[in-house]
1. Can you tell me which condition Val130 does not meet? The list is (1) in a strand (DSSP E or B); (2) modelled with pLDDT under 95, and all the others hold.
2. Among the residues of the stretch 126-159, write down those that are closer than 18 Å to Ile219 by Cα, in contact (Cβ under 8 Å) with a residue 24 or more places away in the chain and of a type in the set (D, E, K, R).
3. Sort out which residues of the stretch 131-157 are touching a strand residue (DSSP E or B) at 6+ places or on another chain (Cβ under 9 Å) and farther than 25 Å from Ile229 by Cα, and write them in order of number.
4. Those residues that are assigned to a loop (DSSP other than H, G, I, E, B) and either on the phi > 0 side of the Ramachandran plot or out of contact with any strand residue (DSSP E or B) (no Cβ under 7 Å at 6 or more places or on another chain) (or both), I need them from the stretch 158-181; list them, please.
5. What are the residues in the stretch 46-66 that are open to solvent by 70 Å² or more (accessible area, probe 1.4 Å) and modelled with pLDDT of 70 or more, if any?
Amino acid sequence: MSQGDPVESERPDENTRRTESQFTLRELMLCMAVVALVAAYLVTQMRLRTATTELQRLRAETGYLASSSNDQIAAVRVPSDDPLTYRFRVRVPPSGRYRIAYSSLWPENTTGPSWYAAVDLEPGESLATVRILKDPRDDRWKITTLVRSERGTKRVGTVLPGEHTDLFLKSNDRMSLSIGQDTVFADKTESLRLVDERWIVGENGLLLYGGGLPKGDQIGVFAELQPDIGPL
């Protein structure tokens, strides 16, 4: 090439094609990155939803006891498939003494059940079971309360009167005022009724459906978490 000859440059159409090609590649990479992020987000949401559903199912099956302060007692019902069996998770403060009292009789004209006995609770969380069952050791029907905690198991039972046993073994209407599967709280100085299952028979049943109050002694299953102070 001699001096003075003009220098050849890239043609405008080649520059345009190269710029468009580079721009298209950047767009493609950006789109792929966005798609990957969206896919990862959707997968994470699906896993989170599955985990949340499983957690809710486990809580419903095992009884989820929500957090409570040291100034509160707390309890929640645990599902049970066994008849005449009532299970609860309970929590009491680290200081103070507490018990679960039980009975099958609410005498007429009284403010509460006539408690048979009670099981003392360890500080913290426990699993309590109140049952009506036939004791295989002596073939007698009893109402029992069993409490499990990290420190061991405690059990107390009382033989039921014959008329109570006969009633529990029959199909009768019941009125339930027991706590449910949502955590219930109370001040640490108060009592918390765990089980209140009242058997309604005869005239009491007619009074109930008619809007009146049952008369006479009330037979049922009763259990209460209460401060362990004084006699039952």
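1. (2)
2. Listed by number, the list holds a single entry, Arg131.
3. Correct list: Ile132, Leu133, Lys134, Asp135, Asp138, Arg140, Trp141, Lys142.
4. Pro161, Leu169, Lys170, Ser171
5. Start the filter on the stretch 46-66 by keeping residues that are open to solvent by 70 Å² or more (accessible area, probe 1.4 Å), which leaves 46-50, 53-59, 61, 64.
Matches in the stretch 46-66: Met46, Arg47, Leu48, Arg49, Thr50, Tyr64.
The values are calculated or read from the model by the stated rules, or taken from the named source; none is laboratory data. Just so it is clear, the model here is predicted, and its values are computed rather than measured. A quick note on method: Cβ atoms are made from the backbone with ideal geometry, for glycine too, and the neighbour counts reach across all protein chains shown. Each accessible area value is taken on the protein alone, full model and side chains, heavy atoms only, with ligands, DNA and RNA left out. Shrake-Rupley method; radii C 1.70, N 1.55, O 1.52, S 1.80 Å.
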